[in-house]
1. How many Å³ per residue does the convex hull of the Cα positions in the chain occupy?
2. Need one word for segment 6-139: rounded, prolate or oblate. Basis is the Cα gyration tensor (sqrt eigenvalues a ≥ b ≥ c); a/c below 1.5 gives rounded, then a/b vs b/c decides.
3. Run through all the Cα pairs of segment 77-129 and give the fraction in each 10 Å bin from 0, expressed as whole percent.
4. So how much accessible area does Trp149 have, in Å² to the nearest 10, using a 1.4 Å probe?
5. For the chain, modelled as a Gaussian network with Cα springs under 10 Å, which listed residue fluctuates most, Gln272, Gln287, Gln156?
6. Compute the signed sum of charges (Lys and Arg +1, Asp and Glu -1) over the other residues within less than 13 Å, Cβ to Cβ, of Arg218.
7. Among the complete DSSP H segments of the chain, which ones combine at least 27 Å of alpha-carbon extent along their axis with a mean Kyte-Doolittle hydropathy of -1.0 or more?
8. For Asp128, what is the net charge nearby, where nearby means another residue's Cβ is under 12 Å from its Cβ and Lys, Arg count +1, Asp, Glu -1?
Amino acid sequence: MGTLLRLLLRRIAVLPVMILGITFLVFVILKLSPGDEATSALGEGASDAAKEAYREERGLNKPLVLQYVSFLGRLLTLDFGKTTPPARPVTEMIFNAFPLTLQLTFYGVLIAVVISLVFGVLGALYRDRLPDQLVRIFSIAAVATPSFWLGILLIQWLALGKSPIFPSGGSAPMGSGIGGWFMHMTLPALALAIPVSASLIRVVRTSMVEELDKDYVRTAIGNGVPRGEVLTRNVLRNALVTPVTVLGLRIGYLLGGAVVIEMIFSLPGMGQLIMNGITNSDVNLVQGVVLTIAITFVLVNILVDMLYLLINPRIRTV
């Protein structure tokens, strides 16, 4: 565990540099984007004096370097500023919306992992036979299906049909009951998970096939070790190394896709916030949402790295 701890500390040591780079990119891109923050906040009919006063109050007249330093100072206290009138703290809005986006994302991750493991293992065990061919057809169709279009289809099939099973939109807080939360979140999570699971199925199948063809598998089975035990304790564990790495990269897609899916299913998460920010040219709100999602992606990938190390002990000696 000492080696694992050193590797964890090494990942954490580079975290501030990565976050600093993210903040710089987000700040510069939004500052260089077209549009005037003062005009967006006060309206086209506002006088030049009012706009100038607005810029002066918020330090928008200062050089970009000083604005960036001030921006970093506010971030240290988790202060993303306030929205355009009516002014509301951006941090408070993110605090209220972000848990729903996280719930949707990780519910989608869970579904994607289950689908990819079941179908990937099935395809590997029945290589080049009918089950494998059916799995390939599913994965090709799913990977070519945009999540937003799949979400609309799921609403039509399972929420607006003759015998609706799930609600077509809205949300139910987890605290009000797991049943209501499950019913409202299942369709959005499926819309997110199925396209991601398609790519993971291929990775799981390929990794399983490679492991099944290795000598140690034939030796263990030949020595009388039950095939099921070899598959679960050795083959599956070794085959998960590559899929775990790919999953870490796909979580970024899930976080970004959740923003779009939330709009389709009328979920009050980060998607609604960023759309409001873009519509109103609210730089503070867009900055806060984008930074929160980007930093979350970095932190999740560190956790995935740790999981990768736990699954593959050989890496700990590198």
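1. Working: hull volume 58.5 nm³, N = 318.
Given the Cα convex hull of the chain, per-residue volume reads 184 Å³.
2. Values: a/c = 3.17, a/b = 2.26, b/c = 1.41.
It is prolate, given that a/c is not under 1.5 and a/b is the larger ratio.
3. Bins of 10 Å from zero give 20, 25, 19, 15, 12, 8, 1 percent of pairs.
4. Near enough 130 Å² of accessible area.
5. Residue with maximal mean-square fluctuation among Gln272, Gln287, Gln156: Gln156.
6. Numbers: positive: Lys214, Arg227; negative: Glu211, Asp213, Asp215.
Taking every other residue near Arg218 into account, the sum is -1.
7. Details: long enough: 2-32 (46 Å, 1.96); 90-125 (51 Å, 1.84); 178-212 (42 Å, 1.06); 241-264 (34 Å, 1.65); 283-311 (42 Å, 2.19).
Helices passing the filter in the chain: 2-32, 90-125, 178-212, 241-264, 283-311.
8. Numbers: positive: Arg127, Arg129, Arg136, Arg205; negative: Asp132.
Taking every Cβ under 12 Å from that of Asp128, the sum is +3.
The values are calculated or read from the model by the stated rules, or taken from the named source; none is laboratory data. Small disclaimer: the values here were computed from a predicted structure and weren't measured. Cβ atoms come from the backbone with ideal geometry, glycine included; neighbour counts cover every protein chain shown. We work out accessible area using only protein heavy atoms, side chains counted, and drop any ligands, DNA or RNA first. Shrake-Rupley method; radii C 1.70, N 1.55, O 1.52, S 1.80 Å.
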